[in-house]
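Accompanying notes for the structure given below.
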Amino acid sequence: MSRQLAFTTGMRRGELTFNEPKTEKGWRQIPVNEDTLRVLIERRKIYFLEEGCSAPETWGGQGLIFGTVDDTPISPSNLDRDWKAVIKESGLPPITLHALRHIHATMLIANGIDVRHLADCLGHSRPSFTLDTYAHVYASHREKAALTLDQLLGDSGSRG
């Protein structure tokens, strides 16, 4: 579940392990896609059933959607250890959990998301930080924009 959230939301490891955000902008609503929302709802239902609870105020623990068996937040080192095991098992080359955040952001940029919206989603303090971090992706967008402009203008652009 934490891997799915990391990939589909771009959440930082600390956000997945309930640590304080790095900046004030880190306190934000994080949009999730429908599939992730379904999984979150299912996890919540399982929690209710396991705890025999009918309402949040009757929960014995913290009500974490994912956590330890004691219903405490997962430690960052345990999250990293679990992630490394998943990667090793899958036969993929080594990749950090944080790389999922960059993949998430890069895919959104490649699909034309506005930098201000992306900065908000990622919890960046300034859109300029997002631009600096992902400048290589935006550079390829300039080339695409030039090609698109040529296609839009077609022959009319050369008639002057």
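What follows draws every value from the coordinates through simple rules; no lab data is involved. Keep in mind it's a predicted model, so treat the numbers as computed, not measured. Here Cβ is always computed from backbone atoms with ideal geometry, including for glycine, and neighbour counts include all displayed protein chains.
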*May I ask you to derive the FRET efficiency for residue 115 and residue 45 from their Cβ-Cβ distance with R0 = 41 Å, giving the value to the nearest 0.05?*
0.65
_Per-residue Cβ neighbour rank within 10 angstrom, fewest leading, 102, 136_ = 136, 102
